[in-house]
Amino acid sequence: METGNSGTDQVHLTTQHKFLLTIAVMAGTLMQVLDTTIANVALPHMQASLGATQDSITWVLTSYILAAAIAIPITGWLSDRVGARRLFLFSVGLFIVASMLCGIATSLPEMVLFRLMQGVAGAFIAPLAQTVMLDINHPSEHGRAMSIFGMGVMLGPILGPILGGWLTEYYSWRWVFYVNLPIGIICFIGLWAWLPVKPVKRHGFDLTGFALLGVALASLQLLLDRGVHVDWFHSTEIWIEAGIGASCFWMFVVHLLTGRNPIFPPEMLADRNLMAGTLFLFILGLVVMAGLALLPPMMQNLYGYPVMDTGILLASRGVGVMVTMAIAGRLIDKVEPRILVLIGFTLTAVSLRYMTSWSLEMDWRPIVGSGVLQGLGIGLVFVPLNVVSFATLPPQYRTHAASLLNLSRNMGSSIGISIVAALLAMNIQISHADLAGYITQFRLPVDPNMALRIGQTGDMVMTAINGEINRQAAMVAYIDNFYIMMWVTIATVPLVLLLRNPKRDKGDDHIPFVLE
């Protein structure tokens with residue numbers, strides 16, 4: 001065990017090549033996170049190539065998310081059972097193979113099967129990467145380590161559509177998956193060469209807890225993905241999935257509190273900072289990913305931006321994220337983390353308030369301005385939250401905690417995307433009906449009845465009027481969603497008080513955080 005300037009500032013895992021190992025770990029993280037969004041823009045091309053319908057092709061995305069959600073909770077147990085090094089290497093290797101198989105798939109069943117494999121492999125990568133970044137750095141360096149990790153996690157979903165659109169447009173949709181091979185090979189070689197071995201701890205597997213949580217997550221994910229297509233709770237299918245999900249989750253909570261060897265250690269769940277961090281990352285995933293899901297179709301359908309220009313404009317968020325994540329790792333040693341989280345959520349709320357003033361006549365500058373501002377807020381929230389969540393947690397629980405945090409962020413993303421999609425569709429219909437009520441012969445340059453009598457030209461005029469009503473209704477619906485996201489973010493701000501304030505001993509700048 002390597003030690004720093006203080007007996008309490010100890011590295012949990014010693015390596016002689018920390019910089020090179022960090023590159024390998026972050027390559028794996030970026031590869032896995034990219035795949036959550038990189039395939040989205042290629043779906044129409046896949047649909048034609050694989051002979052799928054518009055509804056069935058979405059299983060290319062759903063299968064990956066579903067497999068990852070179910071597999072994430074067992075990361076800690078597998079890491080203890082087979083060793084973190086073996087599990088990390090296996091996950092990256094399986095991800096490379098699954099990516100290659102996705103690229104050569106010739107039918108939708110094959111693609112869904114290979115995406116399930118990819119999802120299972122990818123589920124373990126992010127928690128293991130986060131654990132390694134914490135283990136190989138001194139506690140006093142955890143702020144910088146989490147800023148590096150956060151850049152990969154938060155930039156991946158932003159860069160995914162840009163890279164996916166470019167590869168699909170200039171090469172083929174299959175390169176959306178083939179691009180993982182060189183990145184994955186670099187990661188695998190680096191892990192094989194420089195990742196140290198951690199002690200293996202043998203303990204029983206909580207099959208009951210895993211089964212209950214897995215069924216609950218699978219039911220929730222299916223409900224979220226299928227709800228839009230079957231009209232939500234007007235469908236018997238959604239009621240069945242909701243009932244199964246709620247029942248299994250309730251039984252899981254009871255089992256977690258009363259079982260002998262639950263899937264998440266009870267001592268870990270008693271840590272208030274970890275539980276608060278889990279809640280905050282759920283909300284962050286909900287707001288951030290909901291915004292990323294809303295903006296691309298809005299910019300393409302309402303403003304007429306092509307795919308590549310849309311991706312470039314959305315990358316402004318990445319600029320803001322990189323700036324604040326780069327400085328947050330240093331600020332966290334000097335500024336109370338709760339203040340940084342508070343400022344971050346405030347900036348995010350301000351950016352959403354700015355977005356509620358958008359109009360169909362604006363140019364690209366408000367999009368970039370709000371994107372940079374929101375990115376600054378996200379960076380100030382993500383790094384302190386991850387540092388504080390682990391600040392009071394014993395090192396042996398890090399992998400379990402990382403899997404819980406990543407699961408919370410992923411589920412927040414899924415729920416947020418589904419909610420905004422459903423609200424958008426509903427609000428467009430409501431706004432269209434409201435606006436259409438004002439369209440009378442006294443408000444139009446032509447009498448509608450006269451226009452319909454003059455044949456094709458009149459039909460074109462009325463079609464153009466209806467198209468403009470649709471555009472205006474869609475804009476109103478988007479602004480309504482921005483308002484909802486803004487109020488959710490504002491409501492989160494007082495919850496910062498749930499965090500216990502870690503601070504350093506004033507006698508030594510290298511001593512890690514301790515509780516007040």
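Under a model in which nothing but the beta-carbon of Lys, Arg (+1) and Asp, Glu (-1) is charged, the chain shows a dipole of about 980 debye around its Cα centre. If one takes the longest principal axis of the Cα atoms in the chain, at what angle in degrees, from 0 to 90 and to the nearest 10, does the Cα axis of helix 456-492 lie? Taking the Cα atoms of the chain, the angle to 456-492 is about 30 degrees.
Assuming R0 = 45 Å, can you tell me the calculated FRET efficiency for the pair Ser107 and Arg330, based on Cβ-Cβ distance, to the nearest 0.05? E between Ser107 and Arg330, to the nearest 0.05, is 0.30. Atom-type composition of the exposed protein surface of the chain places 67 percent of the accessible area on carbon and sulfur (1.4 angstrom probe).
If you count only protein heavy atoms with a 1.4 Å probe, what accessible area per residue comes out for the chain, rounded to a whole Å²?
43
Among 115-125, 98-108, the peptide with the highest mean count of other Cβ atoms within 10 Å heads the list, and the full ranking is 115-125, 98-108. Using a cutoff of 8 angstrom between alpha carbon atoms and counting only pairs six or more residues apart, the relative contact order for the chain works out to 21 percent. Peptides 302-310, 229-237 ranked from most to least packed by the mean count of surrounding Cβ atoms within 10 Å: 302-310, 229-237.
For the chain, the direction-averaged projected area of the alpha-carbon convex hull comes to 25.9 nm². Taking a point 7 Å from the Cα of Ile490 along the Cα-to-Cβ direction, the residues of region 322-351 with backbone N closer than 15 Å to it are 345-351. Spacing of the modelled spin labels on Trp364 and Phe205, each 7 Å from Cα toward Cβ, amounts to 5.1 nm.
Each helix, a run of at least 4 DSSP H residues, gives -39500 (n - 2.57); summed and divided by the residues of the chain, these come to -25000 deg cm²/dmol at 222 nm.
The values are calculated or read from the model by the stated rules, or taken from the named source; none is laboratory data. As the structure is a computational prediction, the values presented were derived from the model and not from experiment. Cβ atoms come from the backbone with ideal geometry, glycine included; neighbour counts cover every protein chain shown. When the accessible area is computed, the model is the full protein with side chains, heavy atoms only, and any ligands, DNA or RNA have been set aside. Shrake-Rupley method; radii C 1.70, N 1.55, O 1.52, S 1.80 Å.
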